[in-house]
Amino acid sequence: MTYPNDLRYSKDHEWVRAEGSTATIGITSFAADELGDIVFVELPEVGAALKQFAAFGVVESVKAVSDLFSPVSGTVSEVNGRLQSEPELLNSDPFGDGWIARVETTDGDELKDLLDADGYAKLTS
Amino acid sequence: MSVTERPAPPSGAPSDGDASGRGAAFSSPVGGEQLQVVEPLLFASSRTGRRDVRFPSLSEAARKAAESQPEVPKHARRTATARLPEVSELDLLRHFNRLSHLNHAIDLGFYPLGSCTMKYNPKVNEWAARLPGLSESHPLDPAELSQGSLELQWLLAELLREISGMAAVSLQPAAGAQGELSGLLMTRAYHRSRGEGEQRTKVLVPDSSHGTNAATASMVGYQTVTIRSNERGGIDLGALREALGPDTAALMITNPSTLGIFEDQIDQVVAAVHQVGAIAYMDGANLNAILGRFRAGDAGFDVMHFNLHKTFSTPHGGGGPGAGPVGVGERLAPFLPEPLPILVEGTDDEVRRNAWAGRNTPGARFALEEEGTRPQSIGKVRAFTGNFGMHLRAYTYIRSNGDAGLREVSDDAVLAANYLRVRLTDAYDLPYDRICKHEVVFSGRRQKRQHGVTTLDIAKAILDYRIHPPTIYFPLIVEEALMIEPTETESLETLDRFVDVMHEIADRAATDPSALKAAPTTTPVGRLDEAAAARRPDLRHDFGAAPAGSSARQEAGA
């Protein structure tokens, strides 16, 4: 499986798209497939402080309930409210409309601790 | 609207099945979605004024007595009549009988649902529970009229004490999860009593434990810390020691674990927990594997709960009522829920000896502890002394098996699981390839990778063979998990048939994967849209609309 080249990936199966100090985060297609049909997402509050690799939300599928782990540290500036009524976006478009939150990052160097698309593909193969 | 066509059953499915139309599914558009209705709601057959029971009119004496009672306050009275279905007793009976026929049950077929211990519940339990002297007793009866019930509860607590090696047992908790909650409430009370309530904030939970363990810890206000398993499926001692500290309130460990594996370093685990002053909690959900072979009390555990509806054959019911007694060591005994049934006249030894010999003890007298007897008690967790009907059944089960019988229960449960483990390893991956206890966890990853057939597809296909599927996708640490718990009550022939079915499904996964994706095809309803059910549940009955299924039923019946 291949993954978008412009993203960085965590071993916890989250992705991050960094644009300046703003980072958009979500879960990968691999995670969505493994979870199966996602039926509920608990989003963080706008203004919440996230810590890299710490839990910031919950995703529930027909199979399991899993914590969401933030790939970066920072402050939540926006959440994808559509997921409240359309959690299926996480399955149908995990890298696009299924984004979870936007974060004002505090440490750009953290991206170095994440995988690139090839590295993530190896991890999940 | 037409009756949904169902595909033909697989070759191996029994032909005596019930594709006879009992489960004819038809579709009814409700709320914009296609809702399958196999048995209409009772409201569909409701007719104004129709009655199940006609009450006799009140006698003069009763009316007078009622008049002297205080009136229900105005604000609490209904202003409109409750819209209950109005049906005859016969219609009611048929409705629930038809519903029960749509279901699978242990009394109908094999039910290897891992972690749930779906053993046969002997009917002698039901005989005992229906004895009028017990079934017609009331918890508010005075102690002098309740000696038998009190004695039975006292004796059951004694039996559970002996089985577990714990110092004291409360029967109150109504389910395993409530037993856990009681255990952690006692843990918190214990730490508070020592001035360490603030300091101890964390509960350690292995990643192979029951999901309820973490939920219980959160309910009590603790932060949970997950401890990973090692490559053998046991707890990683290094990771455990690293996580333990002065902030640890307790370790909750399921033993045997949800991998069906006995924790063979249990002595080191308990010692490490005690070294930091924390409480060692054993989740007794998997007790069916170790009866007469291992006692939590002997291993030093401070608290454990029992699932009477698993190990001790009380019914799982429709989710209840369960019973989850909790046992504790000396340290936690003062904190047990109150009131406990106690022996107030007579000696423990004599009463026990007589009871096991089937004799009464002249002069023995029982009572419930008076409130405040143990000031450190966490108090009541359940009305009265818990689900007494379940206590009765469990007591009957334990007494009818006896010491040797209970040991044999576990030996046979373990033997059955290992038999399936060995016979299915050629067809399914076994992530932890070692002798298991009462359940065995396979992985369907081979079927998924090679043929695109998921564990969900396999589970659905099993339904077409009139077998309840194993637990799937749990424990979470096993990819595509298939968790099989045969229990001790199945014959070798039943186990062999299951082996044949699992082999046939593995073959079909390779040769005809699309057929498995369509399974089940012989059940009252086919593959349900679990995602839509969770995302957009439709739980309300619309009185304004035509009763769901009422018109369709006529068509289907025509």
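The values are calculated or read from the model by the stated rules, or taken from the named source; none is laboratory data. Because the structure is a prediction, the values reported are computed rather than measured. In this analysis, Cβ positions are derived from the backbone assuming ideal geometry, glycine residues included, and neighbour counts consider all displayed protein chains.
General observations
- For the range B:509-537, filtering for residues that are within 14 Å of another protein chain (Cβ to nearest Cβ), surrounded by 13 or more Cβ atoms within 10 Å (Cβ to Cβ) and assigned to a loop (DSSP other than H, G, I, E, B) leaves 3.
- When each of B:Arg466, B:Arg445 is tested for being within 14 Å of chain A (Cβ to nearest Cβ) and surrounded by fewer than 21 Cβ atoms within 10 Å (Cβ to Cβ), the lone residue that passes is B:Arg445.
- Within the range A:12-21, the set of residues being assigned to a loop (DSSP other than H, G, I, E, B) and more than 14 Å from chain B (Cβ to nearest Cβ) comprises A:Gly20, A:Ser21.
- Any chance B:Thr314 is farther than 17 Å from B:Ala175 by Cα, of a type in the set (Ser, Thr, Tyr) and touching a helix residue (DSSP H, G or I) at 6+ places or on another chain (Cβ under 9 Å): no
For (1) at pLDDT 95 or above; (2) among the hydroxyl-bearing types (Ser, Thr, Tyr); (3) surrounded by fewer than 18 Cβ atoms within 10 Å (Cβ to Cβ); (4) assigned to a helix (DSSP H, G or I), each residue gets a yes or a no:
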position	(1), (2), (3), (4)
B:Thr79	no, yes, yes, no
B:Arg83	no, no, yes, no
B:Phe96	no, no, yes, yes
B:Ala105	no, no, yes, no
B:Tyr111	yes, yes, no, no
B:Glu126	no, no, yes, yes
B:Gly133	no, no, yes, yes
B:Leu152	yes, no, no, yes
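- The range A:66-83, subset touching a residue at least 24 places away in the same chain (Cβ under 8 Å) and within 24 Å of B:Gly211 (Cβ to Cβ), residue farthest from the other protein chains (Cβ to nearest Cβ): A:Ser70
- Among the candidates B:Asp433, B:Asp426, residue that is surrounded by fewer than 23 Cβ atoms within 10 Å (Cβ to Cβ), farther than 14 Å from B:Asp507 by Cα, acidic (Asp, Glu) and more than 14 Å from chain A (Cβ to nearest Cβ): B:Asp433
- Residue in the range B:380-400 that is of a type in the set (Val, Ile, Thr), in a loop (DSSP other than H, G, I, E, B) and within 30 Å of the chain's Cα centre (by Cα) present: yes
- Filtered by the rule that a residue be crowded, with 22+ Cβ neighbours inside 10 Å and over 19 Å from B:Val414 (Cα atoms), the range B:249-268 gives B:Ala249, B:Ala250, B:Leu251, B:Met252, B:Ile253.
- Hits in the range A:64-89 (condition: part of a loop (DSSP other than H, G, I, E, B) and among the acidic types (Asp, Glu)): A:Glu86, A:Glu88
- Qualifying residue in the range B:199-213 (condition: among the aliphatic types (A, V, I, L, M), away from chain A (no Cβ under 14 Å) and surrounded by fewer than 24 Cβ atoms within 10 Å (Cβ to Cβ)): no
- Count of the range B:155-174 residues which are polar (S, T, N, Q) and assigned to a helix (DSSP H, G or I): 1
- The range B:216-232 residues that are surrounded by 14 or more Cβ atoms within 10 Å (Cβ to Cβ), paired with ones that are among the hydroxyl-bearing types (Ser, Thr, Tyr) and assigned to a loop (DSSP other than H, G, I, E, B) (beta carbon under 6 Å, 6 or more apart): B:Ser229/B:Ser208
- Residues in the range B:373-387 that are at pLDDT 95 or above and among the hydrophobic types (A, V, I, L, M, F, W, C): 2 in all.
- Just so you know, in the range A:84-101 the residues that are surrounded by fewer than 20 Cβ atoms within 10 Å (Cβ to Cβ) and more than 14 Å from chain B (Cβ to nearest Cβ) include one that is nearest to the chain's Cα centre (by Cα), and it is A:Phe95.
- Subset of the range A:22-38 that is within 11 Å of chain B (Cβ to nearest Cβ) and surrounded by 22 or more Cβ atoms within 10 Å (Cβ to Cβ) - its residue that is modelled with the lowest pLDDT: A:Leu35
- Picking from residues in the range A:46-65 that are closer than 17 Å to A:Thr24 by Cβ and within 15 Å of the chain's Cα centre (by Cα), the one that is nearest to the other protein chains (Cβ to nearest Cβ) is A:Val59.
- Residue list for the range A:39-68, filter: surrounded by fewer than 18 Cβ atoms within 10 Å (Cβ to Cβ) and out of contact with any helix residue (DSSP H, G or I) (no Cβ under 9 Å at 6 or more places or on another chain): A:Glu42, A:Glu45, A:Val46, A:Gly47, A:Ala48, A:Ala49, A:Lys51, A:Ala54, A:Ala55, A:Val58, A:Asp67
- Meets criteria (more than 30 Å from B:Val205 (Cα to Cα) and surrounded by 15 or more Cβ atoms within 10 Å (Cβ to Cβ)) for B:Ala461: yes
- Any hit, the range B:160-175, residues being among the acidic types (Asp, Glu) and farther than 21 Å from B:Ala357 by Cα: no
- Odd one out for A:Thr106 among (1) closer than 25 Å to B:Ala215 by Cα; (2) more than 14 Å from every other protein chain (Cβ to nearest Cβ); (3) of a type in the set (Ser, Thr, Tyr): (1)
- Some residue of the range B:492-508 being at pLDDT 95 or above, in a loop (DSSP other than H, G, I, E, B) and over 23 Å from the mean Cα position of the chain (by Cα): no
- Each residue in the range B:190-237 was checked for being at pLDDT 90 or above and at positive phi, and 2 of them qualify.
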